[in-house]
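Peer 1: If you scroll down you'll find the structure; I have some questions about it.
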Amino acid sequence: MANFEKSQIENLLKSVIDPNHGLDLVAAKSVKAITIDGANVSVRLELGYPANSTIEALTEAVKQQLKTLPDIGSVFVDINVKILSHAVQQALKPQPNVKNIIAVASGKGGVGKSTTAVNIALALVAEGATVGILDADIYGPSIPTMLGISNYPTSLDKKTMMPNMAHGLQTMSIGYMVPAEQAMIWRGPMVTNALLQLLKETNWNDLDYLIIDLPPGTGDIQLTLSQQIPVSGAIIVTTPQDIALIDAQRGLAMFQKVNVPVLGIVENMSLHICSNCGHEEAIFGSGGGAAMAEINKVELLGSLPLDRSIREYADSGVPTVIADPDSRAAQIYKEIARKTAAKLALRAKDFTTRFPNIIVQNT
């Protein structure tokens, strides 16, 4: 009868690479238990990110690797997900009821940042996480249109707001409270105060991730976010063209200066495929996102095509991940979401909420 050592099992697990962050299961500390009963082996794995789309494939990959052991009996693999809070910048503490805040930014407008943010948020929901999205573009809120919501948020206590729900996503935007035709003629302090109110006076319900869709540039809102809002990581959205990359580089540099880790870059509008003839053309150039990722030593999380349906779905209030979940674009959004969450899962954890508050009282 076979008599295996735990080290043999661990060595085999070292050869199984998690495709979402690129590390083997042992290096990623995903292996939580190995049980050996004669020739039978059980392995319990824990992922720090949502991965509904890939858990089955990962389970099978582990089983196939373990079955290479001579005379092995049954193989049982159990994979569960546990999403934790991660460290934030400076001396800030995580937002109550929000484990992780991820900022989605771009150096300039017109690169599809908001569409990308909404679809990433919905992709995280599809992968099994509890997710919210905060529209931080006070001057030009687009989240209400993209999610097909126009109703004013409700309040149960007359002090705080309940997030509007859309496709399983908790959402908040100034656009819910201001008519679409009304111009927001506010100075910087009013804008930053509005952002902080939207964040802190919304009753977020036990979020694993809150996606903040930032306005373009590196102005007041970005400064407020970096100094007063606890951010676990950031995503930079760009197109391949040089002018967009120059501005995106500025946005990336801003996060580096304020010690917010950049989890990766998303290249939008990377390739146009003609809907009539199928001809592929790199209208905005090619390779820009990959080059930027290499220079800054961050990951290119994914490249999205210039696809008319992405725009049409967003305009209709039912984004791609919901409207056409099996499409190529939806699969790319889900891959980006998994990689983003997996990269974050490898970073330092936040333990401040695990310790009780100590109160000294005179009796």
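Peer 1: Exactly one condition in (1) more than 21 Å from the chain's Cα centre (by Cα); (2) part of a loop (DSSP other than H, G, I, E, B); (3) free of Cβ contacts under 8 Å to residues at least 40 places away in the same chain is not met by E10; state its number.
Peer 2: Just one mismatch for E10, condition (2).
Peer 1: In the list L12, L47, which residue meets the criterion of being more than 20 Å from L84 (Cα to Cα) and of a type outside the set (D, E)?
Peer 2: Details: L47 fails: more than 20 Å from L84 (Cα to Cα).
That would be L12, the only listed residue that is more than 20 Å from L84 (Cα to Cα) and of a type outside the set (D, E).
Peer 1: Of the residues K99, K93, only one is assigned to a loop (DSSP other than H, G, I, E, B), open to solvent by 50 Å² or more (accessible area, probe 1.4 Å) and within 19 Å of S226 (Cα to Cα); which? Spell out the reasoning first.
Peer 2: Values: K99 fails: assigned to a loop (DSSP other than H, G, I, E, B).
It is K93.
Peer 1: Looking for whichever is in contact (Cβ under 8 Å) with a residue 40 or more places away in the chain and either under 16 Å from the mean Cα position of the chain (by Cα) or open to solvent by less than 30 Å² (accessible area, probe 1.4 Å) (or both) here; the options are V77, V41, V88. Which one fits? Lay out the reasoning, then the answer.
Peer 2: Numbers: V77 fails: in contact (Cβ under 8 Å) with a residue 40 or more places away in the chain; V41 fails: in contact (Cβ under 8 Å) with a residue 40 or more places away in the chain.
The conditions single out V88.
Peer 1: Restricting to region 302-335, what's the tally of residues that are open to solvent by less than 30 Å² (accessible area, probe 1.4 Å) and either within 12 Å of A126 (Cβ to Cβ) or touching a Ser or Thr at 6+ places or on another chain (Cβ under 6 Å) (or both)?
Peer 2: Number satisfying all stated conditions: 9.
Peer 1: Give the residue, chosen from A248, A244, A253, that is of a type in the set (A, V, I, L, M), over 26 Å from M177 (Cβ atoms) and open to solvent by 10 Å² or more (accessible area, probe 1.4 Å).
Peer 2: Working: A248 fails: open to solvent by 10 Å² or more (accessible area, probe 1.4 Å); A244 fails: open to solvent by 10 Å² or more (accessible area, probe 1.4 Å).
One residue alone meets the criteria, A253.
Peer 1: Something else about it: Identify all residues within region 2-35 that are of a type in the set (A, V, I, L, M, F, W, C) and under 11 Å from L66 (Cβ atoms); write none if there are none. Step through it out loud before you land on a result.
Peer 2: Taking region 2-35 as the starting set, the residues that turn out to be of a type in the set (A, V, I, L, M, F, W, C) are 2, 4, 9, 12-13, 16-17, 23, 25-28, 31, 33-34.
F4, I9, L12, L13, V16, I34, listed by residue number.
Peer 1: Every residue in region 136-195 that is among the hydroxyl-bearing types (S, T, Y), within 18 Å of Q222 (Cα to Cα) and not in a loop (DSSP other than H, G, I, E, B), please. Talk me through it step by step, then tell me what you get.
Peer 2: Residues of region 136-195 that are among the hydroxyl-bearing types (S, T, Y), as a first pass: 139, 142, 145, 150, 152, 154-155, 160, 171, 173, 176, 192.
Still in the running and within 18 Å of Q222 (Cα to Cα): 139, 142, 173, 192.
Result: S173, T192.
Peer 1: Being of a type in the set (A, V, I, L, M, F, W, C) and at pLDDT below 85 is the filter here, so list the residues in region 255-289 that pass it. Please lay out each step first, then the result.
Peer 2: So the first thing to find is which residues in region 255-289 are of a type in the set (A, V, I, L, M, F, W, C), and the list is 255, 258, 260, 262-263, 265-266, 269, 271, 273-274, 277, 282-284.
Result: V258, M269, L271, I273, C274, C277, A282, I283, F284.
Peer 1: While we're here: Exactly one condition in (1) assigned to a loop (DSSP other than H, G, I, E, B); (2) open to solvent by less than 60 Å² (accessible area, probe 1.4 Å); (3) in contact with a strand residue (DSSP E or B) (Cβ under 8 Å, 6 or more places away or on another chain) is not met by L58; state its number.
Peer 2: (1)
Peer 1: Take the residues in region 336-363 that are basic (K, R) and surrounded by fewer than 13 Cβ atoms within 10 Å (Cβ to Cβ); name whichever of them is modelled with the highest pLDDT. Please lay out each step first, then the result.
Peer 2: Filtering region 336-363 down to residues basic (K, R) leaves 338-339, 343, 347, 349, 354.
Filter once more, keeping what is surrounded by fewer than 13 Cβ atoms within 10 Å (Cβ to Cβ): 349, 354.
On the way: K349: 84, R354: 55.
For region 336-363, the residue satisfying everything is K349.
Peer 1: Going through region 172-195 one residue at a time, which ones are closer than 30 Å to A341 by Cα and surrounded by 14 or more Cβ atoms within 10 Å (Cβ to Cβ)?
Peer 2: Filtering region 172-195 down to residues closer than 30 Å to A341 by Cα leaves 172-176, 191-195.
Scanning region 172-195 gives M172, S173, I174, G175, Y176, V191, T192, A194, L195.
Peer 1: Here is a further query. Out of V88, V104, V31, V16, report the one residue that is out of contact with any Leu (no Cβ under 9 Å at 6 or more places or on another chain) and among the aliphatic types (A, V, I, L, M).
Peer 2: Working: V104 fails: out of contact with any Leu (no Cβ under 9 Å at 6 or more places or on another chain); V31 fails: out of contact with any Leu (no Cβ under 9 Å at 6 or more places or on another chain); V16 fails: out of contact with any Leu (no Cβ under 9 Å at 6 or more places or on another chain).
Exactly one of V88, V104, V31, V16 is out of contact with any Leu (no Cβ under 9 Å at 6 or more places or on another chain) and among the aliphatic types (A, V, I, L, M), namely V88.
The values are calculated or read from the model by the stated rules, or taken from the named source; none is laboratory data. Keep in mind that what you see is a predicted model, and the values were worked out from it rather than measured. Ideal geometry is used to build each Cβ from the backbone, glycine not excepted, and the neighbour counts take in all protein chains shown. These accessible areas exclude ligands, DNA and RNA; they are computed on the full protein's heavy atoms, side chains included. Shrake-Rupley method; radii C 1.70, N 1.55, O 1.52, S 1.80 Å.
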